[in-house]
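The values are calculated or read from the model by the stated rules, or taken from the named source; none is laboratory data. Note that the coordinates shown come from a computational prediction; the quantities given were computed from them, not determined experimentally. Methodologically, a virtual Cβ is constructed for each residue, glycine included, from the backbone with ideal geometry; neighbour enumeration extends over all protein chains shown. Side chains are part of the model used for accessible areas, which takes the heavy atoms of the whole protein and leaves out ligands, DNA and RNA. Shrake-Rupley method; radii C 1.70, N 1.55, O 1.52, S 1.80 Å.
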Amino acid sequence: MIVVIVQKPPAQLRGELTRWLLEVDTGVYVGTAAARVREHLWGRVRGEVGTGRALMIWSDKNEQRLSMLGHHYLWTVEDFDGLNLLRKETAESRKLSAYGQRSTMLDT
């Protein structure tokens, strides 16, 4: 299963996504497709979304049973010991991240 969420997509990209997936809500596409088609669609999304945002989530053979990729998305996909989690970048999270990096450098 594949879920693609796009914000501000050009009409050309919307048309490409509807060839392979169902648009269940504005900018939300769902369907099933082979890995090769999924990779093709993600390449098109990244190349054509322009200033918009995109997130793709698909079924996978891991502990979470899903994987995800983001492009210009408000949340960043991060791997924490094999788990994909979404982290929202804020001024506070950037500050904490910088502090964590400095303390890690001091520990070594």
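Among the residues of region 1-11, those identified as open to solvent by 70 Å² or more (accessible area, probe 1.4 Å) and closer than 15 Å to HIS72 by Cα are GLN7, LYS8.
One line per residue, one yes/no per condition, for (1) assigned to a strand (DSSP E or B); (2) modelled with pLDDT under 85; (3) of a type in the set (S, T, N, Q):
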site	(1), (2), (3)
TYR29	yes, no, no
HIS40	no, no, no
ALA54	yes, no, no
TRP58	yes, no, no
GLN64	no, no, yes
GLY70	yes, no, no
TYR73	no, yes, no
ASN84	yes, yes, yes
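Taken over region 12-38, the criterion of being open to solvent by less than 20 Å² (accessible area, probe 1.4 Å) and aliphatic (A, V, I, L, M) is satisfied by LEU13, LEU17, LEU21. Residue pairs whose Cβ atoms lie under 8 Å apart, sitting 6 or more positions apart in sequence or on different chains, and linking a residue in region 1-14 that is without any contact (Cβ under 8 Å) to a residue 60 or more places away in the chain and among the hydrophobic types (A, V, I, L, M, F, W, C) to a partner that is open to solvent by 50 Å² or more (accessible area, probe 1.4 Å) and outside any strand (DSSP E or B), are MET1/THR32; ILE2/THR32; VAL6/ARG14; LEU13/ARG44. Find all pairs meeting these conditions: Cβ atoms under 8 angstrom apart; at least six residues apart or on different chains; first residue within region 61-74 and over 28 Å from PRO9 (Cα atoms); second residue part of a loop (DSSP other than H, G, I, E, B). Listed pairs, sorted by first residue: ASN62/GLY82; GLU63/GLY82. Within region 1-27, the set of residues being assigned to a helix (DSSP H, G or I) and among the polar types (S, T, N, Q) comprises GLN12, THR18.
If we scan region 83-98, do we find a residue that is open to solvent by less than 60 Å² (accessible area, probe 1.4 Å), under 23 Å from ALA35 (Cβ atoms) and under 18 Å from the mean Cα position of the chain (by Cα)? Looking for residues that are open to solvent by less than 60 Å² (accessible area, probe 1.4 Å), under 23 Å from ALA35 (Cβ atoms) and under 18 Å from the mean Cα position of the chain (by Cα), one finds at least one in region 83-98, hence yes. Within region 66-81, identify whether any single residue is farther than 24 Å from ARG94 by Cβ, open to solvent by 40 Å² or more (accessible area, probe 1.4 Å) and polar (S, T, N, Q), and answer yes or no. Scanning region 66-81, I find no residue that is farther than 24 Å from ARG94 by Cβ, open to solvent by 40 Å² or more (accessible area, probe 1.4 Å) and polar (S, T, N, Q), so the answer is no. For THR104, indicate whether it is at pLDDT below 90, β-branched (Val, Ile, Thr) and open to solvent by less than 70 Å² (accessible area, probe 1.4 Å). Considered against the rule, which asks whether it is at pLDDT below 90, β-branched (Val, Ile, Thr) and open to solvent by less than 70 Å² (accessible area, probe 1.4 Å), THR104 comes out as no.
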